[in-house]
Amino acid sequence: MGCGRVGILLTQELVKDGHQVTVIDKNRSAFDRLPPGFEAKQVVGLGFDKDVLEEAGIKEADAFLAVSSGDNSNIVSARVAREHYHVSKVIARIYDPMRAEIYERLNIPTVSTTRWGVKQMMLMLDFEREEIRELLGDGLHPRGRQHVPGGRPRGARRAQRRARDAR
């Protein structure tokens, strides 16, 4: 559900992987952003409306991804998919990290783009600080890390691993 930038990219990747995809969006004009000739069923309506969900094929769905720009719409439609239609894989994109934690406790996995973005940026900052320290060898000690004479500052390898794993 949701035919914005994330919804379009998800749809393209899923179709590329051989999945049948139906995209639900409340605005018919949102489908204009799909590439010409794109192979995905399109349903106009609210992603938590049972008639809309059934038109989209929710009863046969293996997964439901709620990626509209509205937290409330995403979580309500995800809960309907999980609790009413018993879809086995349901994921909701949530902007508010506090809400994401609450819904994860309700057994609805979430992607909090806000929380994820902050973590990625912190990893990048840590990595670049470590890289700069290695290049300059100036003994900087951010966050209490110590420079090891003749070697890397403590935490450099860990920061590099975290940055690599985040990619």
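Quick look at the numbers
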| quantity | calculated |
| --- | --- |
| Test for Ser29: is it under 17 Å from the mean Cα position of the chain (by Cα) and either of a type in the set (S, T, N, Q) or modelled with pLDDT of 95 or more (or both) | no |
| Subset of the stretch 46-60 [surrounded by fewer than 23 Cβ atoms within 10 Å (Cβ to Cβ), of a type outside the set (Asp, Glu) and either closer than 13 Å to Ile24 by Cα or within 20 Å of the chain's Cα centre (by Cα) (or both)] | Leu46, Phe48, Lys50, Val52, Ala56, Gly57, Ile58 |
| Count of the stretch 77-96 residues which are over 21 Å from Gly7 (Cβ atoms) and assigned to a helix (DSSP H, G or I) | 2 |
| Test: residue in the stretch 114-128 that is in contact with a Gly (Cβ under 9 Å, 6 or more places away or on another chain) and not assigned by TED's automatic domain parsing to the domain that holds Val15 | yes |
| Leading residue by the ranking (nearest to the chain's Cα centre (by Cα)) among those in the stretch 9-26 that are more than 25 Å from Lys50 (Cβ to Cβ) and in contact (Cβ under 8 Å) with a residue 12 or more places away in the chain | Gln12 |
| Check on Ile102, part of a helix (DSSP H, G or I) and assigned by TED's automatic domain parsing to the domain that holds Asp25 | yes |
| Filter result (closer than 16 Å to Ala81 by Cβ and either in contact with a Gly (Cβ under 7 Å, 6 or more places away or on another chain) or charged (D, E, K, R) (or both)) within the stretch 9-24 | Thr22, Val23, Ile24 |
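The values are calculated or read from the model by the stated rules, or taken from the named source; none is laboratory data. These figures come from a predicted structure and were not determined experimentally. When we count neighbours, we look across all protein chains shown, and the Cβ atoms used for this are built from the backbone with ideal geometry, even at glycine.
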